[in-house]
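Structure record follows, encoded as structure tokens.
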Amino acid sequence: MRIDRRSHLQSHHEAGPCVFTPPSDEKNDSSHPTRLRGGSVANCLPATWSMIELGLARIGRLLKSTPQPWKIIHVAGTNGKGSICAYLSAMLRAGGMKAGRYTSPHLIDRWDCITINELSVKQPLFEAAENLVLARNKEDGIQASEFELLTATAVEVFTREKIEMGVIEVGLGGRLDATNALQNKAVTVISKIGLDHQSFLGNTIEEIAREKAGIMRSGVPCVLDGSNSPEVQKVIHDYAKEIGTDVIMSSTDSSFMDQLSREDFEPHQWENLACAYTAFHLAYTKLDSPLHRLLPAIKDLTWPGRLQKISIRGVTGRQEAVLLDGAHNTQSAEALGAYVNGKLRPGASKVTWVLAASKGKELDGILKPLLEPEDCVAAVQFGPVDGMPWVEAMEPRDILSAASKTGVGESQLFDSGRDLSGALRWAVETASGGPIVVAGSLYLASDTLRIIRDAEDVKSQLLGE
């Protein structure tokens with residue numbers, strides 16, 4: 001494989017365009033912003049994270065003039081939701097539907113988080129929609145966040161392009177996330193849930209699951225990743241009963257999955273694919289069965305930054321085997337660790353890592369499934385994230401301190417500061433032909449792909465191509 005609240009939002013049974021109507025349920029009013037939770041965890045986070053105020057009031061005002069005739073598949077979860085979105089949009093396109101996809105963060109350029117039929121929107125289209133949203137924000141004095149502005153821009157693009165179905169990834173949580181203002185939900189999907197972003201979502205798996213459940217709607221089926229813990233499943237099923245909807249557990253037992261080789265997928269990819277196909281089966285409204293077209297679409301799908309094999313020859317001058325993965329929490333690190341141990345460690349004396357992390361991350365849970373005492377580690381800071389001023393990189397010395405606690409020796413550690421190219425060159429020299437893995441942050445994955453692209457552009461210019 002290459003790769004909590006009821007609302008007056010329109011259900012998937014309703015037809016015709018809809019315009020956002022702010023929710024008014026006083027029982028759990030998500031129209032009002034919720035600030036960062038207090039406590040010791042919140043205190044160790046970057047000061048810029050105080051910029052984040054979750055709530056639907058501002059995004060509601062941004063969207064009130066933008067009709068949304070297209071339906072959506074709304075995807076929440078801690079891990080796997082991006083891959084599920086990629087599978088879904090590929091399936092919808094293969095099935096003959098004009099599909100949009102909105103995921104975050106962007107990979108290289110801000111507009112690549114918005115795709116139509118698997119292609120990133122063009123910069124002029126993105127900027128035209130963005131300028132309209134920015135003008136509305138200024139004229140109405142909304143003071144929307146960067147993510148709310150980006151979400152409204154995606155909606156504007158999709159409406160202009162007359163898509164049939166939008167695959168929408170939640171940014172943070174679910175209940176109070178800006179994407180939860182969108183209407184016409186055909187299906188909701190909740191992927192694997194674990195502990196992450198506790199400062200915003202709660203300190204227990206049950207609290208976090210409740211926040212994710214907030215994307216569900218009365219009468220709109222919800223697909224739940226069947227590999228979730230019993231505690232998560234109970235929360236989701238209880239909430240479904242509360243609002244009046246059905247939960248469909250994802251299943252790897254289907255005629256579609258039977259035609260794929262499980263050996264071509266990692267275990268977590270297999271579960272993500274099962275979620276995506278279950279949701280597609282519920283949302284696809286055309287009469288013909290596109291099964292024969294889905295299989296090639298899935299087999300040919302690539303998802304950058306997730307178990308991606310890359311070449312850094314343009315940066316380092318040497319052709320080495322490098323794996324790029326955005327694993328940035330315990331669950332995703334466990335999945336990456338299982339892959340590395342099964343595919344890269346056999347026959348290798350060590351793995352050389354290039355790591356970065358966002359400030360505030362609990363590194364022990366991330367590094368433990370990745371590192372072995374014989375490994376070598378370069379730590380680096382990723383650069384500023386366009387459109388996300390609240391995101392800050394952890395200091396390399398803090399990453400190396402955590403790495404040393406796993407048993408990695410001081411002589412095997414390298415502080416690269418903000419020099420990613422230097423970290424990659426050190427990794428190539430240190431690895432001596434062994435496996436190299438770049439991981440710890442999707443922002444690091446973005447920076448890596450960006451410097452590879454820039455190096456290729458320079459080479460093309462020098463060659464006169």
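In the range 78-104, the residue that is surrounded by the fewest Cβ atoms within 10 Å (Cβ to Cβ) out of those that are touching a Cys at 6+ places or on another chain (Cβ under 8 Å) and within 23 Å of Arg160 (Cβ to Cβ) is Ser104. Looking only at residues in the range 289-309 that are at pLDDT 85 or above and loosely packed, with under 14 Cβ neighbours inside 10 Å, the one that is nearest to Leu370 (Cα to Cα) is Lys309. Residue check: is Asp398 in a helix (DSSP H, G or I), among the acidic types (Asp, Glu) and surrounded by fewer than 24 Cβ atoms within 10 Å (Cβ to Cβ)? Criteria met by Asp398.
A residue that is small (Gly, Ala, Ser), in a helix (DSSP H, G or I) and over 25 Å from Thr302 (Cβ atoms) occurs somewhere in the range 144-160. Scanning the range 283-333 for residues that are assigned to a helix (DSSP H, G or I) and of a type in the set (A, V, I, L, M) yields Ala283, Leu291, Leu294, Leu295, Ala297, Ile298, Val315, Ala333. Might you let me know whether the range 178-195 holds any residue that is assigned by TED's automatic domain parsing to the domain that holds Pro105, at pLDDT below 90 and under 17 Å from Gly55 (Cα atoms)? Within the range 178-195 (the criterion being assigned by TED's automatic domain parsing to the domain that holds Pro105, at pLDDT below 90 and under 17 Å from Gly55 (Cα atoms)), the answer is no, since none of the residues qualifies. Restricting the range 319-344 to residues that are charged (D, E, K, R) and within 11 Å of Pro435 (Cα to Cα) leaves a set whose member that is modelled with the highest pLDDT is Lys343. Mind counting the residues in the range 373-391 that are of a type in the set (A, V, I, L, M) and either under 17 Å from the mean Cα position of the chain (by Cα) or modelled with pLDDT under 90 (or both)? The qualifying residues number 3.
Among the residues here, Thr103 does not qualify as out of contact with any helix residue (DSSP H, G or I) (no Cβ under 6 Å at 6 or more places or on another chain) and β-branched (Val, Ile, Thr).
Which residue is farthest from Glu127 (Cα to Cα), if the candidates are limited to the range 141-154 and must be surrounded by 24 or more Cβ atoms within 10 Å (Cβ to Cβ) and in contact with a helix residue (DSSP H, G or I) (Cβ under 6 Å, 6 or more places away or on another chain)? Going through the qualifying residues, I end up with Glu148.
Could you list all residues from the range 151-172 that are among the polar types (S, T, N, Q) and farther than 19 Å from Leu92 by Cα?
Correct list: Thr151, Thr153.
Screening the candidates Lys162, Lys234, Lys138 for the property of being on the phi > 0 side of the Ramachandran plot, in the same structural domain as Tyr87 (by TED's automatic domain parsing) and out of contact with any His (no Cβ under 8 Å at 6 or more places or on another chain) yields one hit, Lys162.
Consider the range 84-107 and keep the residues that are within 14 Å of the chain's Cα centre (by Cα) and either assigned to a loop (DSSP other than H, G, I, E, B) or outside the structural domain of Leu291 (by TED's automatic domain parsing) (or both). The one that is farthest from Gly171 (Cα to Cα) is Leu107. So which residues in the range 334-360 are charged (D, E, K, R) and either crowded, with 22+ Cβ neighbours inside 10 Å or outside any helix (DSSP H, G or I) (or both), if there are any at all? Hits for the range 334-360 are Arg345, Lys350, Lys359. What pairs can you find where one residue is in the range 377-396 and outside the structural domain of His328 (by TED's automatic domain parsing), the other is among the small types (Gly, Ala, Ser) and surrounded by 17 or more Cβ atoms within 10 Å (Cβ to Cβ), and their Cβ atoms are less than 6 Å apart, with a gap of 6+ or different chains? No pair meets every condition. Could you list, in sequence order, all residues of the range 53-106 that are in contact with a strand residue (DSSP E or B) (Cβ under 8 Å, 6 or more places away or on another chain) and hydroxyl-bearing (Ser, Thr, Tyr)? Correct list: Thr78, Ser89, Tyr102, Thr103, Ser104. Checked against (1) in contact with a Leu (Cβ under 8 Å, 6 or more places away or on another chain); (2) surrounded by 14 or more Cβ atoms within 10 Å (Cβ to Cβ), Gly407 passes all but a single condition, namely (2).
For the range 210-220, the criterion of a residue being farther than 30 Å from Lys359 by Cβ and not in a loop (DSSP other than H, G, I, E, B) is satisfied by no position.
The values are calculated or read from the model by the stated rules, or taken from the named source; none is laboratory data. Here the structure is a predicted model, which is why all the values come from computation and not from measurement. Note: ideal-geometry Cβ built from the backbone for every residue, glycine included; neighbour counts use all protein chains shown.
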